[in-house]
1. Scan A:315, A:310 and give me the residue that is in contact with a helix residue (DSSP H, G or I) (Cβ under 8 Å, 6 or more places away or on another chain) and at negative phi.
2. Does any residue of the range A:36-51 turn out to be within 13 Å of chain B (Cβ to nearest Cβ) and over 26 Å from residue B:260 (Cβ atoms)?
3. Could you please find all residues in the range B:9-21 being crowded, with 19+ Cβ neighbours inside 10 Å and either without any contact (Cβ under 8 Å) to a residue 24 or more places away in the chain or within 16 Å of the chain's Cα centre (by Cα) (or both)?
4. Give just the number: which of (1) free of Cβ contacts under 8 Å to residues at least 24 places away in the same chain; (2) at the interface with another protein chain (Cβ under 8 Å from one of its Cβ atoms); (3) surrounded by 15 or more Cβ atoms within 10 Å (Cβ to Cβ) does residue D:61 not satisfy?
5. Hey, can you tell me all the residues within the range C:276-287 that are closer than 15 Å to residue C:209 by Cα and within 14 Å of chain A (Cβ to nearest Cβ)?
6. Residue B:307: within 23 Å of the chain's Cα centre (by Cα) and within 23 Å of residue B:59 (Cα to Cα), yes or no?
7. With the condition kept exactly as written, say whether any residue in the range B:321-333 is within 14 Å of another protein chain (Cβ to nearest Cβ), surrounded by 11 or more Cβ atoms within 10 Å (Cβ to Cβ), touching a strand residue (DSSP E or B) at 6+ places or on another chain (Cβ under 9 Å) and outside any helix (DSSP H, G or I).
8. Would you be able to say whether some residue in the range A:34-48 is in the same structural domain as residue A:6 (by TED's automatic domain parsing), modelled with pLDDT of 50 or more, touching a strand residue (DSSP E or B) at 6+ places or on another chain (Cβ under 8 Å) and assigned to a loop (DSSP other than H, G, I, E, B)?
């Protein structure tokens, strides 16, 4: 049995409507016979068959409008017609999928302040890691031109004072995780000309934005580090000096595992909450000349503590040499800052947008500690969470900090 | 006496020759019908103009040409291509848009090209190719090559300025062009009497001082005779000739055509003069061929047409990365 | 003959004569190219030298003889078809656009058309609205064609040979206003690449990108700008299709500023295209927006003062560039 | 290897870690890390480098005993000699 389908008589013919059947079921037809008239936008056209046979069933009614390719009739062979009549073929009407719902009304958003600068000026500023917003333009209508950027670079040539890093560590409450330079082309090292001042300006810009736009909330917890430190001392005792682990890797690993449990904080806020699948922890590295770099440790949760140590061995020197890759500067999904070495106990950080959380670790200090009704002295670490209240609430943050705390009680499992 | 003079231009009526001519007309007929079928199945797209009814013209004229002659056609050219020697498979593949097609699928139904047989299209701007034909003949003349250019066009083209310019140049330069008008009475859907003030088309050639003649295009033997006469004259004098073949297309102008412009009875009337039965009946009468011969030829043609489709079905689409190829010649080092 | 002055007309004529001598397949045809000597006397006396078979007068049949040129090219000849002025080319546009430009492609690479069409064009001789067109953009729109613009004596003298050697149709725009202009012809018999734009003057502050009659205007402006301490580079596009993007990009990447000059009216012009390419390829090299000085959006008027006002003049180029660079 | 040579080597190392400082001006009892602002990561690298240079092994529990220039010099001198 064959199906006779609505023929296509031109690329501009989408459908036709049946005007008249010239045949009825049981009629013998020959190739070339006219079997129907159909009406198209060009008028009535007689349609022919291309096979011999017997009309089985007519599937389309007069005046019915059907798309090209729709079965209009069945054509039987002589044998079929003589023998059993086949079950009537179901006309395969294609169901059109329901119209996709119209997109929600476009949200009106205020655009960020636009800075007038030539594309070349922008490019040079990006390459040199200078925030274009800090440059005074001298071009038409105050536009920033190449010349202006070059002047700015020359003006900040003075090397930063060595004290910068010390001061930086001494004022932890100002510590601000930040992406110091906007992304540059993949694998392109940041030119050495990027100066302390330009990094300072980049930190300033991002932190100002964060403080302006992100409603922070803060949570804090104290963590008994005795088990973690004991495990670390034990493992380091068995390791050659080159393979020794720093406490930081345990902290980073604990944060990564906690994020697996509480993924809501591994996210960006950009036109709403965007949960991130991969966990790339940005680790704050203080620069000796002042300012910070926050390289991302890619896929932190999949790395062992040994691999994390290797990652730090790779990232920290490159961060200090300003030779990070753009992906390392752009991909972080959360930030970890550890300021214990400067002697502070507690860090209240500023989130780096568009991330929605920052974990701060203070120093590990001996503190009175009560456990099972006994008062003892333990090495204690204060962990804080600064989180974006648009993206999460206190209960989420609380679960997260508690998870970090719990993981640090089982260091061997990290 | 006159017959004797024209002996050399009369069709040879040997058995083999007769079979070949019949085969060619049937091949066009069946190929065109199959094309229509494949069109309705959306295998072939674009415009599809069929030659059904006009077969005697292409077959009658083409046999007068030599391999070295140039041939230019209109967009209703499948028949001419088949008779000129293009394989049915590569024509079908072309209409399928496949790279094995005669124009690598770049042209489609309206733009069949083939360098081997000197088949220069497949030209779809009405009358646009007439001037090219003159130029090709001019090149032959300048290069002293003994060959002519045969240019097919419809009576619709004769209303275009390009027709008049080309005729004038050809006459002026005395170049060997056979201007072959296939007058099928309709420029798309507009009848001759609505497009030409002077419907005796032959007179238009005479106006340029070009030798002109008219023949019944439904009569294969008459076409052969007229074409042989014209071609012999062109080869002898190097001058152009204008030959009008009056014919009729049985099918619509193109596939999407409701044929509002002509009466069914008119079509039926012309079908009585179908060139294929006409020629075969003549052969029967003359006892040159039998019904069995006809069936045999028909069977062979049907097989060949089926094989053409089978071939086209196996052909491949050109990778889209090659989109911009053939816009400019590849640089030769 | 370095040091000697030669007219643009004479350059074209020498090129044609040389082509006719070099290749038997070359012939020239067009209206009044023979007995009249060419509408602009470009082919004067060539009929006597080469005879009517090779210097062919045609009737007033642009569609006919341009089409015949295509046919002759298909038939193995190397025709130079002269369309008297660009305005008449529209009568042959069907042949150019539908046949010359498409045959190679439609035939799947089987039939190329080695044809050269020369036409006079441009503003500047008070010929009014039907004889003063700058229609380079119109033709540069068509894939399959190579469009050349003869902006210098050097190109007038040396461009025809590579155009004839090209396997595909080439349209050459010549400029009537420059025919009598005398210049020293650089002794550069080395072949010209008709795929490349040419830097006519190197500079570092701004790229003036132009073609045709714009080239000498831009060079004149550049000289004046140099006196004001502005070092302008002048890029002669020369090939309007396919555009030599690399030369444009290299120049703009160097100077960081682009100023486009052409006689054709501004909308949908060659400079529109060049500007778009600069945006696509050089955005982050730009220290200023791309600016243009083009023909006015008007049919070219007859009176001299209005005609002059309808196309860019060197003084305007100078002023515009000074303004563009004046910001500090 | 003399104490002075060891000290010179240490100063050179520290200078490469903290190029913006003057380790040569460290007093014998200054806390090296605090004075020069060297974090635990850099300090670990420093120890690794010293171990390689002097062919010694510094266990982690000894870190507390090598906070000043004097302590460090003595520590290394003792181990290099032995």
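1. Working: A:310 fails: in contact with a helix residue (DSSP H, G or I) (Cβ under 8 Å, 6 or more places away or on another chain).
One residue alone meets the criteria, A:315.
2. Yes, the range A:36-51 has at least one match.
3. Within the range B:9-21, just B:21 meets the criteria.
4. The number of the failed condition is (3).
5. Taking the range C:276-287 and keeping what is closer than 15 Å to residue C:209 by Cα, we get C:276-279, C:282, C:286.
C:278, C:279, C:282, C:286, listed by residue number.
6. Answer is yes for this residue.
7. Yes, there is a match, as at least one residue in the range B:321-333 is within 14 Å of another protein chain (Cβ to nearest Cβ), surrounded by 11 or more Cβ atoms within 10 Å (Cβ to Cβ), touching a strand residue (DSSP E or B) at 6+ places or on another chain (Cβ under 9 Å) and outside any helix (DSSP H, G or I).
8. no
The values are calculated or read from the model by the stated rules, or taken from the named source; none is laboratory data. The structure presented is a predicted model; accordingly, all values stated were derived computationally and were not measured. All Cβ positions, glycine included, derive from the backbone under ideal geometry; neighbour counts span all protein chains shown.
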